[in-house]
Number of protein chains: 2
Amino acid sequence: MALPKIGILGGGQLGRMLLQAAIDLDFEIDCLDPDPTASCHTLANKFVVGSFKDFETVYQFGKDKDLVTIEIEHVNIDALEQLEKEGVNVFPQPHLLRMIQDKRLQKTFFKENGFPTADFRLTENQAELMNHTDFFPAFHKLGKGGYDGKGVQLIAHTDDISKGFDAPGLLEKAIDFEKELAVIVARNPKGEIKSFPTVEMVFHPIQNLVEFLVSPAEISSKIEEKAQKIAIDLIAKMELVGVLAVEMFLTKEGEVLINEIAPRPHNSGHQTIRGNATSQYEQHLRAIANLPLGDTSAELFSGMVNILGSEGFEGPAKYIGLEECLAIEGVYPFLYGKKITKPFRKMGHVTILGHSREDIVNKANVVKEKLKVESGKWKVEN
Amino acid sequence: MALPKIGILGGGQLGRMLLQAAIDLDFEIDCLDPDPTASCHTLANKFVVGSFKDFETVYQFGKDKDLVTIEIEHVNIDALEQLEKEGVNVFPQPHLLRMIQDKRLQKTFFKENGFPTADFRLTENQAELMNHTDFFPAFHKLGKGGYDGKGVQLIAHTDDISKGFDAPGLLEKAIDFEKELAVIVARNPKGEIKSFPTVEMVFHPIQNLVEFLVSPAEISSKIEEKAQKIAIDLIAKMELVGVLAVEMFLTKEGEVLINEIAPRPHNSGHQTIRGNATSQYEQHLRAIANLPLGDTSAELFSGMVNILGSEGFEGPAKYIGLEECLAIEGVYPFLYGKKITKPFRKMGHVTILGHSREDIVNKANVVKEKLKVESGKWKVEN
């Protein structure tokens, strides 16, 4: 097998970390992104400015590649299918991207193939919600186009129906969950499958927002086995090539339900860069290039805190507290090279390593308190 | 402290690994190298083709930078001194590069400051060697310009004198050493110092050539303390900013003697990329940017095997056995992106991780047997 010439649709932070991992084996990788200042623009072998949603742009970008992959799933799939027909390897496979792009198809796939997931009903428009008052409280989710919390509305009562989407979507039973878990799993074309240890999102006790991630999750070995089996069986059933992130709920009754999946390296796996023997980024490259998958074991506990643009600041990013964080043993900031900060924009993340869960939680709390992204000149305090 | 705009003199593999590490904190780094296809050419923010030995080229390259560093020490020092005078930070400092470039000054520095090193005598030309027959067997070393084993001749008898250099050099007593050790140590402008665990070169029992490296070295805690103290005291005495590699001999009598030093990331520290919490590359960047130094601890044993061009092949590199190596747990090849192989050219290295020294040695032997660089099209076997 020749090492393939790769094209990535998208040039954001996930692409950036793929490019960093690609240096080890000297993969030649081009990126396509509409933003000329995207995270990958100085690192890609060739950085092409253009829309990954446009058929012709994607087709032209892909046709001289051996292999095309993605770092964002909202791309032009018709073009990927055309490239696939013409002999370009496209991983993850376009028909799987089509299914994942549409939450209605995704949920129906889980149900038809016996994968546990919250109960749901398909809806065609807002008015139809009136027929499902027996199903409330439920989340109304837009079938296509939702992203990062957008396209989801809680419908608790009839009064909330006006918040629902007047487009094809689904109503999903609200789950009273104990924990939110994630498993990242990879598969190569030979069918080799390897998964990373299950991780856990830690919520703020009052605000009920994800605060940080800890690996491994604090769960019984029985729950760990359940979560691992779901992820491994799912990637095997899908026959997906690449990395698949499986987000799950652990219910108060000890059930593990699939929430959503992403066919690419994922926010819940950033800490694998230092925390695990092989990172999710290296694993994705190994998988799509049909190389043996790497060891996913970890010697230490790890954690991950997102670095978000602080509220009230918009403009050239200024990192406050970076030097203080660098001085803490086992605390490793990673910045995405975005010049402009906006409230809640993902500007980077911090990986935390330690010898106990408590150590991770303590360091995560310090990082959350110290590290801020404000606006001003790029500056590290002395 | 503002994060500095950095220029690196040299664009080879050490530069490549610095650039890879620099992605985490989004350092902006340009490289200068005479070879337009050098390892860094696709990764640097700006890759400038030109000689790092030429005053004007180095001066022009450096004058718009906040900070200039090196990945090779044979550079134009006059230009670096001029830049330093004009307010550019140059780390390691030019006067230290001048001292290290000349083995005569280097050895004299060790001696005058009480650092243990093999006995030596300065020589001005070949004829002078006749005055030192009482000192044989000894190595005759060229003062300036020696590199990677060049510029060194063993003078065992009067008959060998004709092999000596007819230029300023030194005669160094041949040491009957037990082991060859190395310590990589870093210092930032604030004076903070951190060292990596002592590593050991493992020699082939018959050929007496370095076969691979193992970390940590198999030495008593007393010897470990000696080696660490020498490296830490040396960088403190020199007040060097950046990473310093200290190569040492452990004699059969239990003495630790400095062999040579290199003021930059070094071949004996490649395995720190995965083997240690912070790599020598990240540490160099932290040191020169006056950031807190990172944790150097290791959770596992590690090893490093150089990937050299096989004898008898010259031309486009073809890697044999790469896929087999990737299939071994804890074996991580790293290629330098050099398109052309030549006999014994450093084309990459392999980092090995494991739970015991024996595990490292076994895997290193497999890698040495399987992985070859021959000439032909870039190809991974299936």
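The values are calculated or read from the model by the stated rules, or taken from the named source; none is laboratory data. None of these values were measured; they are calculated from a predicted model. Positions of Cβ are generated from backbone atoms using ideal geometry, with glycine treated the same way; all protein chains shown enter the neighbour counts.
Residue count for the range A:300-319 under the criterion of being over 20 Å from the mean Cα position of the chain (by Cα), more than 8 Å from chain B (Cβ to nearest Cβ) and of a type outside the set (Lys, Arg): the result is 10. Residue B:283 meets all of the listed conditions (1) among the polar types (S, T, N, Q); (2) under 20 Å from residue B:367 (Cα atoms); (3) under 17 Å from the mean Cα position of the chain (by Cα) but one, namely (2). Selection within the range B:142-157: residues that are out of contact with any Phe, Trp or Tyr (no Cβ under 8 Å at 6 or more places or on another chain) and either assigned to a strand (DSSP E or B) or modelled with pLDDT of 90 or more (or both). The member of this set that is nearest to residue B:97 (Cα to Cα) is B:144. Being more than 14 Å from chain B (Cβ to nearest Cβ) and within 14 Å of residue A:6 (Cα to Cα) is a property that holds for residue A:61.
Of the listed requirements (1) free of Cβ contacts under 8 Å to residues at least 24 places away in the same chain; (2) among the β-branched types (Val, Ile, Thr); (3) in a strand (DSSP E or B), residue A:206 misses just one: (3). Restricting the search to the range A:320-352, which residues are part of a loop (DSSP other than H, G, I, E, B) and away from chain B (no Cβ under 11 Å)? Within the range A:320-352, A:321, A:342, A:343, A:344, A:345 qualify. Evaluated against (1) away from chain B (no Cβ under 11 Å); (2) at pLDDT 95 or above, residue A:73 falls short on exactly one condition, (2). Only one entry in A:127, A:174, A:138, A:186 is under 29 Å from residue A:241 (Cβ atoms) and among the small types (Gly, Ala, Ser), namely A:186. Selection within the range B:84-122: residues that are of a type in the set (S, T, N, Q) and at pLDDT 95 or above. The member of this set that is nearest to residue B:143 (Cα to Cα) is B:106. Being away from chain A (no Cβ under 12 Å), closer than 30 Å to residue A:327 by Cα and out of contact with any helix residue (DSSP H, G or I) (no Cβ under 6 Å at 6 or more places or on another chain) is a property that does not hold for residue B:274. The set of residues in the range A:357-382 being more than 17 Å from residue A:311 (Cβ to Cβ) and at pLDDT 90 or above consists of A:357, A:358, A:359, A:360, A:361, A:362, A:363, A:364, A:365, A:366, A:367. Quick check, is residue B:180 of a type in the set (Asp, Glu) and either closer than 30 Å to residue B:53 by Cα or touching a residue at least 24 places away in the same chain (Cβ under 8 Å) (or both)? So residue B:180 fits the description; yes. Here residue B:192 qualifies as surrounded by fewer than 17 Cβ atoms within 10 Å (Cβ to Cβ), out of contact with any helix residue (DSSP H, G or I) (no Cβ under 7 Å at 6 or more places or on another chain), in the same structural domain as residue B:280 (by TED's automatic domain parsing) and modelled with pLDDT of 95 or more.
The number of residues in the range B:21-58 that are within 14 Å of chain A (Cβ to nearest Cβ) and at negative phi comes to 21. Being among the hydrophobic types (A, V, I, L, M, F, W, C) and within 17 Å of residue B:103 (Cα to Cα) is the filter here, so list the residues in the range B:158-174 that pass it. B:165, B:167, B:170, B:171, B:174, listed by residue number. Quick check on the range B:130-140. Is at least one of its residues surrounded by fewer than 17 Cβ atoms within 10 Å (Cβ to Cβ) and of a type in the set (S, T, N, Q)? Yes, that holds for at least one residue. Among the residues of the range B:1-20, those that are within 10 Å of chain A (Cβ to nearest Cβ) and in contact with a Leu (Cβ under 6 Å, 6 or more places away or on another chain) comprise B:4, B:19.
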